[in-house]
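Okay, structure first, notes after.
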Amino acid sequence: MSQSFEQRRGQKSVDEWASDVSLILDGNTNEGIRASAPGRVEFIGNHTDYNGGWVLGATIDRRVEVVLQRRSDRQIRLQSEAAVPPVEVPLGSVERQSGEWAWANYILGMVEVLQGEGMTIESGFDLRVGSTLPVGAGLSSSAALELASGAALSEAYGGEFLRRDLVRMAQRAENEFVGVPCGLLDQAVVALGGADRLVRLDARSEATAAVPFPPETGIWIFRTHQAHALSESGYQERHDEARAVRERLRELLGNEEAEYLVDVSPSQLEEVKRELSRTLYRRARHVVTEHRRTQRVVQLLKAGRRSAAGRLLFASHESSRVDYENSTEALDFVVDRLAEQEGVLGARLTGAGFGGAAMAWTRAGYGEEQAHEVAGAYADRFGTELETLACRPAPGLYVWA
Ligand code: GLA
């Protein structure tokens, strides 16, 4: 058994964890190395991670599972329940895939990054993928696939990586191989989340901490089925705008004041407002205020002040809608309906935006009936289905040895 998962194994025995994480793929664990990683919901901290800010996220009980078997030749064969036929690539010439094979890039990216970190993958392998996590919903199926396959590869070929190393490697796979300039939120939450907690990431220092998930509250996801193609969407554009306004603020305020966008205080931003274009000013205002809202939510949760924390989730959505302009009419509609309902503490878009899903943080009494009310209103308005998922925080990345 490698040391990679010492943190997890120190807390619970393998059998205890296995009972928390039901098997998705058929077959018994002796057939190969099996690893499982959950999706995540962004609780608050929208687009703060690549700006050096705070983010708060939770794992959800929808997962990706992989089973890896070593081969005697040098062929990589990747098979997903959701996509046929398998993707076959020789180990010596791993290249970025496109079109219907693009899903394989999350695994192939990990192959490249793990080897770049000095791990020798001395044989080909078969890797099967199964999932209960919707793809393209903004719930980080990509990070889950990266981490599950990275953990299985590391276990199979003797990589002595810590969970934290895998988090950074998964981000690199996504940035450098897949080509999406994402921050660290998704990978950190997927790897470090747990059934009892929210994960707080300080993206500047990459430090994480667990914040107890408020008991007797739940998370609902409302998936709009609108195109959420992170790599082709406005994500890159927002990333570029954030960099541009940070550069401008450095000129105006000095490097020390604006090393990251979140270093600028709301009052400093107001002072130089006239020097910025309207668009860049609003992008900066979102990031600067969202970082502080996230810090405040952590304080409020620790103090048991749920209603106040929930109001900041609504404020976060408003800031994304007006200032970061990454919401959609459909997401706004869902959040507005949720705001009218009993039992909803807070609601907002979650993840990159530009489609995808909204989340609600709910009190114990909130259930199917209320969620269906929202879906019914959505169907009347848009003529399409709103998928509703009741979720709870779940075990993070896990490997069966
Ligand atoms: C996506 C990215 C994350 C983060 C969010 C927005 O989920 O992968 O790194 O930037 O969008 O907060």
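The values are calculated or read from the model by the stated rules, or taken from the named source; none is laboratory data. Just so you know, these numbers come straight off a predicted model, no measurement behind them. Note that each Cβ is placed from the backbone with ideal geometry, even for glycine, and that neighbours are counted across all protein chains shown.
Which one of 55, 41 is within 30 Å of residue 282 (Cα to Cα) and in contact with a helix residue (DSSP H, G or I) (Cβ under 6 Å, 6 or more places away or on another chain)?
Numbers: 41 fails: in contact with a helix residue (DSSP H, G or I) (Cβ under 6 Å, 6 or more places away or on another chain).
Of the residues listed, the single one that is within 30 Å of residue 282 (Cα to Cα) and in contact with a helix residue (DSSP H, G or I) (Cβ under 6 Å, 6 or more places away or on another chain) is 55.
Out of 89, 111, report the one residue that is touching an Asp or Glu at 6+ places or on another chain (Cβ under 8 Å) and either part of a helix (DSSP H, G or I) or surrounded by 15 or more Cβ atoms within 10 Å (Cβ to Cβ) (or both).
Working: 111 fails: touching an Asp or Glu at 6+ places or on another chain (Cβ under 8 Å).
The conditions single out 89.
In the list 239, 225, which residue meets the criterion of being at pLDDT below 90 and not polar (S, T, N, Q)?
Working: 239 fails: at pLDDT below 90.
225 is the lone residue from the list that is at pLDDT below 90 and not polar (S, T, N, Q).
Could you identify the single residue in 172, 200 that is surrounded by fewer than 22 Cβ atoms within 10 Å (Cβ to Cβ) and under 30 Å from residue 237 (Cα atoms)?
Values: 200 fails: surrounded by fewer than 22 Cβ atoms within 10 Å (Cβ to Cβ).
It is 172.
Test of understanding: among 60, 121, which residue is out of contact with any Asp or Glu (no Cβ under 7 Å at 6 or more places or on another chain), modelled with pLDDT of 95 or more and under 30 Å from residue 211 (Cβ atoms)?
60
What are the pairs, 6+ residues apart or on separate chains, where a residue within segment 47-58 that is within 13 Å of residue 235 (Cβ to Cβ) has its Cβ under 7 Å from a residue that is within 7 Å of the ligand (Cβ to nearest atom) and assigned to a loop (DSSP other than H, G, I, E, B)?
As it stands, the answer is 49/183; 49/184; 50/183, since those pairs meet every condition given.
Within segment 92-103, restricting attention to residues that are surrounded by 11 or more Cβ atoms within 10 Å (Cβ to Cβ) and more than 16 Å from residue 115 (Cα to Cα), which residue is nearest to the chain's Cα centre (by Cα)?
The extreme case among them is 103.
Does residue 207 meet the test of being more than 16 Å from residue 326 (Cα to Cα) and within 16 Å of the ligand (Cβ to nearest atom)?
Details: more than 16 Å from residue 326 (Cα to Cα): yes; within 16 Å of the ligand (Cβ to nearest atom): no.
When the stated conditions are applied, residue 207 does not pass them.
With respect to the numbered conditions (1) touching a Pro at 6+ places or on another chain (Cβ under 8 Å); (2) assigned to a helix (DSSP H, G or I), which one is the sole condition not fulfilled by residue 133?
Every listed condition holds for residue 133 apart from (2).
Which pairs do you get when a residue that is under 12 Å from residue 146 (Cβ atoms), found in segment 180-191, comes within reach of a residue that is assigned to a loop (DSSP other than H, G, I, E, B) and near the ligand (Cβ under 6 Å from one of its atoms), reach meaning Cβ atoms under 9 angstrom, with the pair 6+ apart or on two chains?
Taking only residues 6 or more apart or on different chains, the pairs are 182/352; 186/351.
How many residues are crowded, with 24+ Cβ neighbours inside 10 Å and either closer than 18 Å to residue 283 by Cα or aliphatic (A, V, I, L, M) (or both) if we restrict to segment 328-351?
9
Take the residues of segment 31-49 that are out of contact with any His (no Cβ under 6 Å at 6 or more places or on another chain) and outside any strand (DSSP E or B): which is farthest from the ligand (Cβ to nearest atom)? It would help to see each step written out before you state the result.
Step one: list which residues in segment 31-49 are out of contact with any His (no Cβ under 6 Å at 6 or more places or on another chain), which gives 31-47, 49.
Now narrow it down to the ones that are outside any strand (DSSP E or B): 31-32, 45-47, 49.
Values: 31: 32, 32: 29, 45: 6, 46: 5, 47: 4, 49: 5 Å.
So, considering only residues that are out of contact with any His (no Cβ under 6 Å at 6 or more places or on another chain) and outside any strand (DSSP E or B), the one farthest from the ligand (Cβ to nearest atom) is 31.
Which residues, counting only those in segment 253-289, are buried (at least 21 other Cβ atoms within 10 Å of the Cβ) and either touching a residue at least 24 places away in the same chain (Cβ under 8 Å) or out of contact with any Leu (no Cβ under 9 Å at 6 or more places or on another chain) (or both)?
261, 262, 263, 264, 283, 284, 285, 286, 287, 288
Within the set of pairs 6+ apart or on separate chains, which have a first residue in segment 203-220 that is in contact (Cβ under 8 Å) with a residue 24 or more places away in the chain, a second that is part of a strand (DSSP E or B) and hydroxyl-bearing (Ser, Thr, Tyr), and C-beta atoms under 8 Å apart?
217/362; 218/362; 219/362; 220/362; 220/388
Taking segment 178-197, which residues are of a type in the set (D, E, K, R) and either within 13 Å of the ligand (Cβ to nearest atom) or surrounded by 22 or more Cβ atoms within 10 Å (Cβ to Cβ) (or both)?
186 - this is the single residue of segment 178-197 that is of a type in the set (D, E, K, R) and either within 13 Å of the ligand (Cβ to nearest atom) or surrounded by 22 or more Cβ atoms within 10 Å (Cβ to Cβ) (or both).
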